[in-house]
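**Student:** Have a look at this one.
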Amino acid sequence: MKKILSVIALLMIPVLFLAGCGDKTPSEIPKGYQIASISDCDYVLYVPDTWMIDNQTLYTSAYHSSGDPSSISVTAGGMDFEDSTVEDWWKGYEAQFNEAFESYELLSTEDAKLGGVDGKKFTYTAMLAEKQYNFICIAVVKDNYVYYMLYTSTPEKYEAHLETLDEVVSYFEFKD
């Protein structure tokens, strides 16, 4: 699991110039959830209170348990130019991801929202160290920053957390 998180962190280095931060108060915490994001972030990520928050990475993340490495993370990064789109960002992300992982396959792309902002949802699979992983990436561009939520799971646990992912996405909010 740590190797996977390290590879994902490496993929995110080009966009790790964190978005504007401020100490703003989030909405009421949904029942059965906890705040995973630090107070300096300009977004609030809520995850189930049974999930473990990982504060030792360069992005906001939480994982289900030591026996189930399914994880949800959020990263914010500056865009290279003002008129960047999610599709522009995805091309670069996808190229870096494909270099680091084996057997990458994009399964679907569809419209999605994150924090009320229109974006895209990318569903894909890949292998790392001979182990298969499934991914869902929901990305939006807001104020010249790309924000993306990444759900990562093994095929065996993937479906078990899709409802939780939908709830996490619905509770995600940007601070004003």
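The values are calculated or read from the model by the stated rules, or taken from the named source; none is laboratory data. Keep in mind that this is a model prediction, so the values were computed, not measured. Methodologically, a virtual Cβ is constructed for each residue, glycine included, from the backbone with ideal geometry; neighbour enumeration extends over all protein chains shown.
**Student:** Tell me which residues, restricted to region 127-145, are among the small types (Gly, Ala, Ser) and surrounded by fewer than 19 Cβ atoms within 10 Å (Cβ to Cβ). Give the derivation first.
**Tutor:** The first filter runs over region 127-145 and keeps only residues among the small types (Gly, Ala, Ser), leaving 129, 139.
Of everything in region 127-145, just one residue is among the small types (Gly, Ala, Ser) and surrounded by fewer than 19 Cβ atoms within 10 Å (Cβ to Cβ), namely 129.
**Student:** Hey, another quick one. For region 77-95, state whether one or more residues are assigned to a helix (DSSP H, G or I), closer than 17 Å to residue 137 by Cα and modelled with pLDDT under 65. Write out each step before concluding.
**Tutor:** Filtering region 77-95 down to residues assigned to a helix (DSSP H, G or I) leaves 86-95.
Remaining after also requiring closer than 17 Å to residue 137 by Cα: 86-95.
Of the ones still in play, those that are also modelled with pLDDT under 65 are none.
No, that holds for no residue.
**Student:** Any residue in region 86-115 that is within 24 Å of residue 127 (Cβ to Cβ) and acidic (Asp, Glu) sitting within a Cβ distance under 6 Å of a residue that is at pLDDT below 95 and exposed (fewer than 15 other Cβ atoms within 10 Å of the Cβ)? List the pairs, counting only those 6 or more apart or interchain.
**Tutor:** Between residues of region 86-115 that are within 24 Å of residue 127 (Cβ to Cβ) and acidic (Asp, Glu) and residues that are at pLDDT below 95 and exposed (fewer than 15 other Cβ atoms within 10 Å of the Cβ), the close pairs are 102/127.
**Student:** Among what's in region 161-176 and is acidic (Asp, Glu) and under 15 Å from the mean Cα position of the chain (by Cα), pick the residue that is surrounded by the most Cβ atoms within 10 Å (Cβ to Cβ). Working first, answer last.
**Tutor:** First, pick out the residues of region 161-176 that are acidic (Asp, Glu): 163, 166-167, 173, 176.
Filter once more, keeping what is under 15 Å from the mean Cα position of the chain (by Cα): 166-167, 173.
Values: 166: 10, 167: 17, 173: 15.
Out of the qualifying residues, it is 167.
**Student:** Here's a check for you: in region 146-160, which residue that is within 14 Å of the chain's Cα centre (by Cα) and over 13 Å from residue 122 (Cβ atoms) is surrounded by the most Cβ atoms within 10 Å (Cβ to Cβ)?
**Tutor:** Our first condition is that a residue be within 14 Å of the chain's Cα centre (by Cα); within region 146-160, this holds for 146-153.
After this cut, where a residue has to be over 13 Å from residue 122 (Cβ atoms) as well, the list is 147, 153.
Numbers: 147: 26, 153: 23.
Checked region 146-160; the qualifying residue surrounded by the most Cβ atoms within 10 Å (Cβ to Cβ) is 147.
**Student:** Right, next: Since residue 60 meets every condition but one in (1) modelled with pLDDT of 85 or more; (2) within 19 Å of residue 164 (Cβ to Cβ), which condition does it not meet?
**Tutor:** Exception for residue 60: condition (1).
**Student:** Additional query: Restricting the search to region 119-131, which residues are of a type outside the set (Ser, Thr, Tyr) and modelled with pLDDT of 95 or more?
**Tutor:** Answer for region 119-131, where residues must be of a type outside the set (Ser, Thr, Tyr) and modelled with pLDDT of 95 or more: 119, 120, 121, 122, 126.
**Student:** In region 84-125, which residues are surrounded by fewer than 19 Cβ atoms within 10 Å (Cβ to Cβ), in contact with a Ser or Thr (Cβ under 6 Å, 6 or more places away or on another chain) and of a type outside the set (Ser, Thr, Tyr)?
**Tutor:** Hits for region 84-125 are 105, 107.
**Student:** Considering only residues that are farther than 18 Å from residue 75 by Cβ and not in a strand (DSSP E or B), which ones fall in region 100-127?
**Tutor:** Matches in region 100-127: 116 only.
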